[in-house]
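Contents: one structure, followed by commentary.
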Amino acid sequence: MTKNENASDMTTARRALGSTGPTVFPLGLGCMGMSALYGEADRAESIATIHAYLEATPAGTDALLDTGDFYGMGHNELLINEALRTAPTAARERALTSVKFGALRTVEGGFTGYDGRPEAVKNFLAYSLQRLGRDHIDIYRIARVDPDVPIEETVGAIAEAVAAGHVRHIGLSEVGADTLRRAAAVAPISDLQIEYSLISRGIEDEILPAARELGIGITAYGVLSRGLISGHFTRDRALAPGDFRGMSPRFQGDNLDRNLDLVDALRKVAEGKGASVAQTAVAWVLAQGPRRGADLVPLVGARRRDRLAEALGAMAVSLDAADLAAIEEAVPAGAAAGERYPAAQMAHLDSEH
Ligand SMILES: NC(=O)c1ccc[n+]([C@@H]2O[C@H](COP(=O)([O-])OP(=O)(O)OC[C@H]3O[C@@H](n4cnc5c(N)ncnc54)[C@H](OP(=O)(O)O)[C@@H]3O)[C@@H](O)[C@H]2O)c1
């Protein structure tokens, strides 16, 4: 038995993304896995999952759909377009889009770099608006800093798109405290999207306090560490070719064994709370917002309605200080085995420099 999975009973709480960003439902839906990186996804089920998420968001509250133009090379934006076109009007009107751009891809699916030049920003934006079928994007951000283009220029180009009405808010992704400060000096920044979970706590020392000081919210991704700490991942799970997890250090050999031992310890705490492992992991991230004085919205990467219902149930899991301590004893900070990305991708993370 897991916590309340009935959307209609959930809290109507909202969270503000920083001092200048939108106020949204406390859980965002990350749509990446519906198009890319986690093996085959079922299109009809993906669209049904987006509809279920919009329906679960109470009237009067905005729902956050996160995507990237490079997730399946436009596939994910076209999927969101279809989901929004086929959603009931009231549900569609709740949807806010958060879009990442800048990644350069190959036909074979490779990543060859990032382009943050102002003329590239405007080009990416024009294509995204067309694919999404919308006249604006709610939050627009470069996925990774382009090392050849000062962040001021990239953010300045998005600020021009805000002035033109094509973008509502400017976000950032995987940047460190210095870049946060430089970007915030150019234009208001709504939120920093960055990996944060029980087993990826690197933002706590510098980045989270800097964001808080600057009035920038956090949209936390990988809160289930791509399924690793969801309670559903098994040692013998076969991954499709091209599944990111087949290359991720945390999912390999001994690292996987050690990380799943942490999940077993977390499961014991979850059982004591009458919650699932995934709900406990998401609830822990939700609890870090108020606890650390930060505006923090976890993105869950559900691509099926049953997984979404489970994740939404995290909002009904209340964790007191003793619960948080028990969770952090089961999964101590820094206990994860393996880096969160393969070495070549770690090199692109401004947040890790
Ligand atoms: N800014 C960035 O650099 C960046 C990077 C990565 C992602 N993101 C964004 O963040 C979003 C979330 O990232 P993520 O998908 O890696 O995060 P996640 O929520 O940690 O992992 C999602 C995966 O966990 C598994 N899972 C098992 N139980 C689940 C449950 N109850 N609810 C949800 N998922 C469950 C699913 O895999 P199975 O279906 O295979 O079981 C699912 O695909 C992405 O969709 C994307 O929008 C941003």
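The values are calculated or read from the model by the stated rules, or taken from the named source; none is laboratory data. Not measured: the values here are computed from a predicted model. All Cβ positions, glycine included, derive from the backbone under ideal geometry; neighbour counts span all protein chains shown. Quick note on the areas: whole protein, heavy atoms, side chains included, nothing else; ligands and nucleic acids left out. Shrake-Rupley method; radii C 1.70, N 1.55, O 1.52, S 1.80 Å.
Modelled with pLDDT under 95 and within 16 Å of the ligand (Cβ to nearest atom): is that true of Gly109 in this structure?
Against the criterion (modelled with pLDDT under 95 and within 16 Å of the ligand (Cβ to nearest atom)), Gly109 qualifies.
Go over the candidates Val155, Val223 one by one and state the one that is within 14 Å of the ligand (Cβ to nearest atom), surrounded by 24 or more Cβ atoms within 10 Å (Cβ to Cβ) and outside any strand (DSSP E or B).
Being within 14 Å of the ligand (Cβ to nearest atom), surrounded by 24 or more Cβ atoms within 10 Å (Cβ to Cβ) and outside any strand (DSSP E or B) holds for just one of Val155, Val223, which is Val223.
So, Arg212, is that one of a type in the set (Lys, Arg) and either under 17 Å from Arg291 (Cβ atoms) or surrounded by fewer than 19 Cβ atoms within 10 Å (Cβ to Cβ) (or both) or not?
yes
With respect to the numbered conditions (1) out of contact with any helix residue (DSSP H, G or I) (no Cβ under 7 Å at 6 or more places or on another chain); (2) under 28 Å from Ala311 (Cβ atoms); (3) more than 16 Å from the ligand (Cβ to nearest atom); (4) at pLDDT below 95, which one is the sole condition not fulfilled by Pro88?
The one condition Pro88 does not meet is (4).
Quick check on Ser276: is it at pLDDT 95 or above and over 23 Å from Ala343 (Cβ atoms)?
yes
Leu125 fails exactly one of the following numbered conditions: (1) surrounded by fewer than 21 Cβ atoms within 10 Å (Cβ to Cβ); (2) away from the ligand (no atom under 16 Å from the Cβ); (3) assigned to a helix (DSSP H, G or I). What is the number of that condition?
So Leu125 meets the others, but not (1).
Considering each residue of region 164-178, count those that are within 14 Å of the chain's Cα centre (by Cα) and open to solvent by 40 Å² or more (accessible area, probe 1.4 Å), and give that number.
0
Can you report the number of residues in region 170-203 which are in contact with a His (Cβ under 7 Å, 6 or more places away or on another chain) and within 20 Å of Tyr114 (Cβ to Cβ)?
Number of matching residues: 1.
What are the residues in region 179-208 that are open to solvent by less than 60 Å² (accessible area, probe 1.4 Å) and part of a helix (DSSP H, G or I), if any?
Of everything in region 179-208, those that are open to solvent by less than 60 Å² (accessible area, probe 1.4 Å) and part of a helix (DSSP H, G or I) turn out to be Thr179, Leu180, Ala183, Ala184, Ile207, Leu208.
When you scan region 18-39, how many residues do you find that are surrounded by fewer than 23 Cβ atoms within 10 Å (Cβ to Cβ) and either more than 10 Å from the ligand (Cβ to nearest atom) or of a type in the set (A, V, I, L, M, F, W, C) (or both)?
Result for region 18-39: 7.
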